[in-house]
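Structure first, commentary second.
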Amino acid sequence: MDTQAVRARLLRRREELQSRASSASADLRHESDPLSADFAEQVTQRESDEVLGAITESAREELRQIQAALRRLEAGTYGICIVCGEPIEAGRLAAVPYADCCRACADGQRGGPRRAG
Ligand SMILES: [Zn+2]
């Protein structure tokens, strides 16, 4: 596996998320766009606040997973399922570079808790 390429991809994705999260939170604080006194406009701004909140929450979650993947790269356990210890499918890692378990275990987790071994 080309861990250099994986690391570069994860780092690039992390930068992308971090810049998006910081610009979204700047919008949330209305630094450049103070709340309008007009009621209708306030409603619109609140609605977009909720959208931004959702973006930053999912971005935060993805950042956590990217950090964990970078740690696994350092530890040499990247690409190994944390549940069953089997190699994670290459196609799955290509689609989700920070995947921490194989497809079978991911499916098992969705169906409910299942212990490995
Ligand atoms: Zn597994």
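Any read-out appearing in this document is the output of simple, stated calculations on the displayed coordinates, not a laboratory observation. Predicted model, so just to flag it, every value in this text is computed and none were measured. Here Cβ is always computed from backbone atoms with ideal geometry, including for glycine, and neighbour counts include all displayed protein chains.
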Sorted by chain and number, the residues with a modelled amide H under 5 Å from that of I80, at a separation of 5 or more or across chains, are I88
The answer for the net charge of residues other than E61 whose Cβ lies under 14 angstrom from its Cβ, with Lys and Arg +1 and Asp and Glu -1, is +2
